[in-house]
Amino acid sequence: MTSSGEVVVGVLALQGAFKQHVQLFEKIGVKATEIRTPEELAEVDALVLPGGESTAIALVARRTGLGQELIGGFPGVVHRNFFGSQLGSFSAMLESPLNVSDGDAVSSEAAADTASSKQYRAVFIRAPVLIEYDDAVNVLAKVVPHKESQEADAKVDAHEPIVVAASHGNILMTSFHPELTDDASWHQYFFNFATKVIKAAPGGAAPASSSSA
Amino acid sequence: MSGEDKIMENRGLARMLCGGVIMDVTTPEEAKVAEAAGAVAVMALERIPADLRRDGGVARMSDPDMILAIKEAVSIPVMAKARIGHFVEAQILEAIEIDYIDESEVLTMADEENHINKRNFKVPFVCGCRNLGEALRRIQEGAAMLRTKGEAGTGNIVEAVRHQRSVQRELRKLQSMDENELFVFAKDIQAPYDLVKACAKEGRLPVVNFAAGGVATPADAAMLMQLGCDGVFVGSGIFKSGDPAKRAKAIVDAVTHYKDPKKLAELSKNIGEAMVGISDLKKDHVNFRDREGGSSAANGNGTPAPHGTW
């Protein structure tokens, strides 16, 4: 916590787009620090796991003593690289998470209906999606997959909106990269989320966020 | 999707490599060593720069079959080099679905006036730069990622340091300038005005800039990170050293913990012999770093750049 009792956010800085996360938190006045050691991890209230090369991050994390504790439990099934290879990366407009009251699901279709609401441009890169999940999971954003760009999967209907942001307990995850635009809406949302989780469970587990790796 | 969107996405893609090390490899076995060490990507090529310096002759794109064998061997992204201006080598590399193309001065130039129009491609490009002007010229052509040119294959960090300091110094200089001064500054460094203006506003390049060209030790890698690089390419430095697997791991960890001298001291211990290298670069008969399309140094006769009219 800062001296005024505000949540301090750590960004795992072993490898990946960590600098952009820190810059966006700073832009909205949230204290954010780069985390490279277990000692630094102990100093923060919430943690962001940035996108990067997951193979490299896992290897370096193990050598740094940050291995196991970073892997959280999220009650769902993730389909890795759902939208296809790198050349299939894309961006999509979502409703800004800040427009949504707690517990409401947002989808890109809903966003289209309310033209006045603030839109958020989400950037997807070799993105994983949540294809099965527990009822307790709070769905925050969905998109309709591109017909051409996705690799077919028997479990998924190509025309149904799929989950690209969700929260459960103290974990918030997004399949897109909120650090790749100048819009800090998702960083603000995460800060609000972390503040609420910590107030609800003093001394409890720190919140974590993960964008696609 | 518009071309501008693709460029933004490719820049984002390159950001995922930040804080990582990209290693030159010539065989699937070396690629596996690099991956196990924690490399974020490998550069597949038939001969590493140290050998290209020694062998001479025309250096070209590698055999696609050799590149594909490396792609098959690892799950991390694979990069490959095309000659400066050789857009058909780039087309071939895109056709075999390589993850990134390096339009590289280490290969023999195919066009002394023009670089590849990288906006014609979906695959992201990385290009070398010695200063801010060269960096912005490459970005204007569509590069999604930059690296210092350094002087590849020498194991000597001096040129990479010069290039990184030059980019950072010019970015700082821009910060102190009145907006009315940016027009002439853009002309002086032969860079597009809009990109100069964007750099002045943000205080940084719009794409990531890695260190490259002469990195041989964990300390070299960490020094360039402290000078503001986003990550590091290591070419000859690993597989020309005494214990490649150990050195590869040490350099990866040095790039993560670049600000921690105690950790760097540990990482520098017992990693075998470094590559021998070349100490006097000015007397060396090979000069990769001054190869740039449209520059007088590249065409060798001192005539003005044909496209020096920004």
Cross-link partners of B:Lys187 among lysines (Cα-Cα below 24 Å; sequence separation of 8 or more within a chain) = B:Lys118, B:Lys149, B:Lys173, B:Lys197, B:Lys201
Build a GNM of chain B with springs between Cα atoms under 10 Å: which of B:Ile157, B:Ile92, B:Ile238 gets the top mean-square fluctuation?
-> B:Ile92
Would you kindly calculate the mean projected area, averaged across all directions, of the convex hull enclosing the Cα atoms of chain B, in square nanometres?
-> 15.5
Positive-end extreme of charge dipole, the stretch B:3-268 - chosen from B:Pro244, B:Leu13, B:Ala59 (charges on Cβ) = B:Pro244
Determine the percent antiparallel among the DSSP beta bridges restricted to the protein assembly as shown, to the nearest 5.
-> 35
Hz values of 3J(HN,Hα) by residue in the stretch B:231-248 - Karplus curve (6.51, -1.76, 1.60), Gly and Pro given as x = x, 9, 9, 10, x, 5, x, 8, 7, 9, 9, x, 9, x, 5, 5, 5, 4
Taking only Cα atoms and a 10 Å spring cutoff, compute GNM fluctuations for chain B and point out the largest among B:Ala160, B:Ala152, B:Ala59.
-> B:Ala59
For the pair A:Asn99 and B:Glu266, the simple spin-label estimate (label points 7 Å beyond Cα toward Cβ) gives in nm 4.9
Sorted by chain and then number, the residues having a modelled amide H within less than 5 Å of the amide H of B:Asp24, at least 5 places away or on another chain, are B:Met43, B:Val234, B:Gly235
For the stretch B:124-140, just list the computed ³J(HN,Hα) in residue order, Karplus coefficients 6.51, -1.76 and 1.60, θ = phi - 60°, integers in Hz, with x standing in for Gly and Pro.
-> x, 10, 10, 9, x, 8, 9, 7, 5, x, 5, 4, 6, 4, 5, 5, 4
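Provide a whole-number value for the mean count of partner chain Cβ atoms within 10 Å of the Cβ atoms in peptide A:54-63. Walk me through the numbers before you get to the answer.
Working: counts 3, 8, 14, 5, 1, 8, 11, 2, 1, 5.
The shielding value for this peptide is 6.
Based on DSSP H runs of at least 4 residues, each adding -39500 (n - 2.57), what is the mean residue ellipticity at 222 nm of chain B after dividing by all its residues, to the nearest 500 deg cm²/dmol? Intermediate values should be presented prior to the final figure.
On the way: 14 runs with 131 residues, N = 310.
Helix-only estimate at 222 nm: -12000 deg cm²/dmol.
Every number in this text was worked out from the coordinates using simple rules, so none of it is lab data. The model shown is predicted, which means the values in this text are computed figures rather than measured ones. Cβ sites come from the backbone with ideal geometry, for glycine too, and all protein chains shown count toward neighbours.
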